[in-house]
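Report on the following structure.
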There are 2 protein chains.
Amino acid sequence: MYATVMHGPGDVRYEQVNDPEILKPTDAIIQLSATCICGSDLWPYRGANAFDQPMHMGHEYCGVVIEVGADVKTIRPGQFVVGSFVLSDNTCPHCQFGYPSSCEQREFMTGAQAPYARVPLADGTLVATQDMPTEEQIPHMLAVSDVLGTGYYAAEAAGVREGSTAVVVGDGAVGLMAVLSAKLRGADRIIAMSRHETRQKLALEYGATDIVSARGEEGIAEVLELTKGVGADAVLECVGMQQSMDQAMGVCRPGGAVGFVGVPHGVTFDGQGLFFQQKRLFGGPAPVRRYLPDLMERVLSAEIQPGKVFDLTLPIAQVAEGYKAMDERRAIKTMLRV
Amino acid sequence: MYATVMHGPGDVRYEQVNDPEILKPTDAIIQLSATCICGSDLWPYRGANAFDQPMHMGHEYCGVVIEVGADVKTIRPGQFVVGSFVLSDNTCPHCQFGYPSSCEQREFMTGAQAPYARVPLADGTLVATQDMPTEEQIPHMLAVSDVLGTGYYAAEAAGVREGSTAVVVGDGAVGLMAVLSAKLRGADRIIAMSRHETRQKLALEYGATDIVSARGEEGIAEVLELTKGVGADAVLECVGMQQSMDQAMGVCRPGGAVGFVGVPHGVTFDGQGLFFQQKRLFGGPAPVRRYLPDLMERVLSAEIQPGKVFDLTLPIAQVAEGYKAMDERRAIKTMLRV
C-alpha cells in the first residue's frame, strides 16, 4: 500500500510501504475510515526532534477491523472501532487506576496516516460501536481518538468542574477541544487565549465566554483583570512551549491547577518558583482509552461535534500539502480521506 | 527584651533587641508560651540563603495575647492563641479558596524565637482556644503552628485519602508529621524513608507501616518492590533537594501525586520528563490557618501528640546550642522555653 512517511524536517511523502500485518497475536488490522494530521506531527516536521530514520506517521484513527490476531477476544472483523493514540492493555495497575496512557505495556501508535494500519494490544486499545456510524459522524469519531481526548484530559487534569473559571492557552485544535471539554465539565466561564479570528470564532462556538488575544505579560494582565485580580481556577495548557507555560502559570490562581497536554519542548520549572506560586501541575499523554466510551457516545448522540476542528480535508495522497497548510497555520487541522 | 538574631551562617545570638510593639492597627503582641527552631531555619544557618542584614529568627509560636491594635476585632488580650507561620487576612479570595498561605496580604512571621512577638494581621492569622491549655499541651499546640500543619499539607497536596498507599520522603520533623498526617487522612500503608533509628521509631509510632532506609535509585527500587512494581498513590516530599525530589517522583505511580513542602533549594523539573512520567505535583507554603481549628481540637482532645517531635528542650538563652544540635542532627527539633 501507499502510506505517509516523514524523511526529515519538511519532507513528508506518500509512498509505497509494506502492507501492515499481524505481528503479535494481540494485534488487529484496521481499514481506516479517515485519518488526520496532529499538531504534534509538526514537531519533527519543524525539526524539533532528532531523526534516526524515516518515520511512518499518524496516530489518530478510526475504521473497520479487517483481521485480528489469535489472542484478540473482544474485537472482531467487521466492527467499527476507535482507539487511543496510546496503545494499552487496559488491565495493568496503571490502566486500572485510570491512566492507560502510562500502561505498563505502553506503546505509541504509528502508521495511521494510511489506508490500513496495525493496532497492537487491540483488546485493550480499541472500542467498538454497536452500529456502523454515518459518513457525517466519521470526522467526529476520528477526533475522539486524540485531539478531543487530549483536550478533555487538559480539562480533567486542570480540575475543571461545575462552576469553574477556566483559561485555555493555545488555539490549535487541542486548545479548541479543551474549550469544548471545559464546557462539557461545567465551567461557567471559559477564557480562550487566541489571536486568530477563525479560531476565536470556533472557540466561541464551542463554549468560550471570553477571548483574550494578547500574549505574555499583557495577556496575563488581561486575564487577571477579567477575573478581578484572582486568576483562573483551572488553566488548560495546550501548546508545550516555555512562553505558553509561563502564561498558563501566570493566569492560574494559587491553589488552582494547570493541566498541560502539549508535549513540552524546552520547558523547565524552577522548584522554588513552583513552591511560592502554589499552583497544581499535572500533564502527560491523555488517558484517552478511559474517555472513549463516554466521548464516542456523546458524538453518536450528536451532543458534540468535535470534528469541526477539521477545516481542511484532503485525499491522503496530498498529505504533504496537509502538513504544509498546518505548518503555515492556513489550516487548524487536516483530515485525510483514505 | 532578649531575642534570637542570626548574624550570618552558623552565627546565632540571643541578644538585646527592641521590644515588639503594635505598628499597625491590625497587629497583636503575644507573650510566647514556647517557641522552637524550624528545619527551614537551617537553610540560612548553613549558608544556603544570602544575608543582607541580621535576621530576627522564629516563625512558630503559641502564647497569650497581651495587646491588640485598634482594628483587631476577634482576638483580645488574655486569650491563648496559635497562629500560622504565614500571616494572612483570612478574607481575600485566595484565603476564601483555601490558600491563606497565598493571601493577597501574605507576610511571613519573624521574630518568634523570643519571649514576646508581634503578630501582624492578628484577626486573620490567630485562632484562640476557649480555655488555657495545660503545660503538657503546650508543645503539641506549638507544633500545630508550622511543623504539623506543613506535614498535613504534604498529605493533602499529595491527595492522601482513605486506603491510600503513601510514601514519606524525609525523616525530619516535617517528615514525621507527614507520617502522622497521612495516618489522620486514612492511609492504609505508610512507607517512611528514613536512615536514623530514633526517627524510624517515631515514624512507626506515628503510623508508618514500613521503613525503607535506602536512598536514591536503591530506595526507589525498594519502594517499588513493596508496592508490587506500581509505586505509591501519594508521595509526601519533606526535604526540598533535587535528590529527595527525584526520589519522590521515582516512587510515585502514574496518576499519583507528589506533595512537596520542603522549600526547594536548587530543584528543577524538566517539562518533558514531568509529562511522560504523568505525576501530579503540588506544593508550597502550607495553608496552616485553614487547618488550625481542626488540628488544635485534635491536640486538645488528646487524639494526637505532635509535640513528640521535640526531642530537645532548652531555655531560649541557649538557642545557639539548639541550632547546633539540629544542624548536627543530634536533635530532630528543638523547643525553646521562654
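Against the definition (at pLDDT 95 or above, over 25 Å from the mean Cα position of the chain (by Cα) and away from chain B (no Cβ under 12 Å)), how does A:L226 come out, yes or no?
Values: at pLDDT 95 or above: yes; over 25 Å from the mean Cα position of the chain (by Cα): yes; away from chain B (no Cβ under 12 Å): yes.
The answer is yes for A:L226.
In region A:77-84, is there at least one residue being aromatic (F, W, Y) and surrounded by 24 or more Cβ atoms within 10 Å (Cβ to Cβ)? Scanning region A:77-84, I find no residue that is aromatic (F, W, Y) and surrounded by 24 or more Cβ atoms within 10 Å (Cβ to Cβ), so the answer is no. Scanning region B:52-61 finds one or more residues that are on the phi < 0 side of the Ramachandran plot and touching a Leu at 6+ places or on another chain (Cβ under 8 Å). Determine which single condition A:Q31 fails, assuming it passes every other condition in (1) of a type in the set (S, T, N, Q); (2) assigned to a strand (DSSP E or B); (3) within 14 Å of chain B (Cβ to nearest Cβ). Of everything listed in (1) of a type in the set (S, T, N, Q); (2) assigned to a strand (DSSP E or B); (3) within 14 Å of chain B (Cβ to nearest Cβ), A:Q31 misses just condition (3). Are any residues in region A:96-129 farther than 26 Å from A:D19 by Cα and either out of contact with any strand residue (DSSP E or B) (no Cβ under 9 Å at 6 or more places or on another chain) or among the β-branched types (V, I, T) (or both), and if so, which ones? A:Q96, A:E104 - these are the residues of region A:96-129 that are farther than 26 Å from A:D19 by Cα and either out of contact with any strand residue (DSSP E or B) (no Cβ under 9 Å at 6 or more places or on another chain) or among the β-branched types (V, I, T) (or both). Inclusion of B:L312 among residues that are within 30 Å of B:R13 (Cβ to Cβ) and either without any contact (Cβ under 8 Å) to a residue 60 or more places away in the chain or facing another protein chain (nearest Cβ under 8 Å) (or both) is warranted.
State whether one or more residues within region A:128-150 are among the acidic types (D, E) and under 14 Å from the mean Cα position of the chain (by Cα). Yes. Exactly one residue out of A:E21, A:E15 is more than 18 Å from A:Q130 (Cα to Cα), among the acidic types (D, E) and part of a strand (DSSP E or B), and it is A:E15. The set of residues in region A:11-55 that are more than 30 Å from A:D71 (Cβ to Cβ) and without any contact (Cβ under 8 Å) to a residue 40 or more places away in the chain comprises A:D11, A:E15, A:Q16, A:P44, A:G47, A:N49, A:A50, A:D52.
Return yes when A:V212 is buried (at least 20 other Cβ atoms within 10 Å of the Cβ) and either of a type outside the set (A, V, I, L, M) or closer than 30 Å to B:Y153 by Cα (or both) and no when it is not.
no
Applying the set (1) surrounded by fewer than 24 Cβ atoms within 10 Å (Cβ to Cβ); (2) closer than 30 Å to B:Q278 by Cα to B:R118 leaves exactly one unmet item: (2).
Got at least one residue in region A:138-158 being surrounded by fewer than 24 Cβ atoms within 10 Å (Cβ to Cβ) and closer than 30 Å to A:P315 by Cβ? Yes, there is a match, as at least one residue in region A:138-158 is surrounded by fewer than 24 Cβ atoms within 10 Å (Cβ to Cβ) and closer than 30 Å to A:P315 by Cβ.
When you look at B:M193, is it touching a Pro at 6+ places or on another chain (Cβ under 8 Å) and assigned by TED's automatic domain parsing to the domain that holds B:A257, yes or no?
no
Results for (1) surrounded by fewer than 18 Cβ atoms within 10 Å (Cβ to Cβ); (2) more than 30 Å from B:M249 (Cα to Cα); (3) modelled with pLDDT of 95 or more, shown as yes or no for each residue.
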position: A:R280; (1), (2), (3): no, no, yes
position: A:P287; (1), (2), (3): no, no, yes
position: A:P293; (1), (2), (3): yes, yes, yes
position: A:F310; (1), (2), (3): no, yes, yes
position: A:Q318; (1), (2), (3): yes, yes, yes
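Give the residues of region B:146-193 that are touching a helix residue (DSSP H, G or I) at 6+ places or on another chain (Cβ under 6 Å) and polar (S, T, N, Q), sorted by residue number. Answer for region B:146-193, where residues must be touching a helix residue (DSSP H, G or I) at 6+ places or on another chain (Cβ under 6 Å) and polar (S, T, N, Q): B:T150, B:S181.
Among the residues making up region B:47-75, a single one is farther than 21 Å from B:V17 by Cβ, surrounded by 13 or more Cβ atoms within 10 Å (Cβ to Cβ) and modelled with pLDDT under 95: B:A48. If you go through region A:90-114 and keep only what is surrounded by fewer than 19 Cβ atoms within 10 Å (Cβ to Cβ) and within 20 Å of the chain's Cα centre (by Cα), you end up with A:G98, A:E107, A:F108, A:T110. Working only within region B:10-53, note down all residues that are over 29 Å from B:G262 (Cβ atoms) and in contact with a Pro (Cβ under 6 Å, 6 or more places away or on another chain). Matches in region B:10-53: B:D27, B:I29.
I need a count of the residues in region A:87-102 that are within 15 Å of A:Y153 (Cβ to Cβ), assigned to a loop (DSSP other than H, G, I, E, B) and more than 7 Å from chain B (Cβ to nearest Cβ). Result for region A:87-102: 1. Listed conditions (1) more than 22 Å from A:K279 (Cβ to Cβ); (2) surrounded by fewer than 19 Cβ atoms within 10 Å (Cβ to Cβ); (3) of a type outside the set (F, W, Y) are all met by B:S194, apart from (2). In the set (1) touching a residue at least 12 places away in the same chain (Cβ under 8 Å); (2) part of a loop (DSSP other than H, G, I, E, B), the condition left unmet by B:V64 is number (2).
The values are calculated or read from the model by the stated rules, or taken from the named source; none is laboratory data. Predicted model only: the values in this text are computed from it and were never measured. Glycine also receives a Cβ, built like all others from the backbone with ideal geometry; neighbour counts cover every protein chain displayed.
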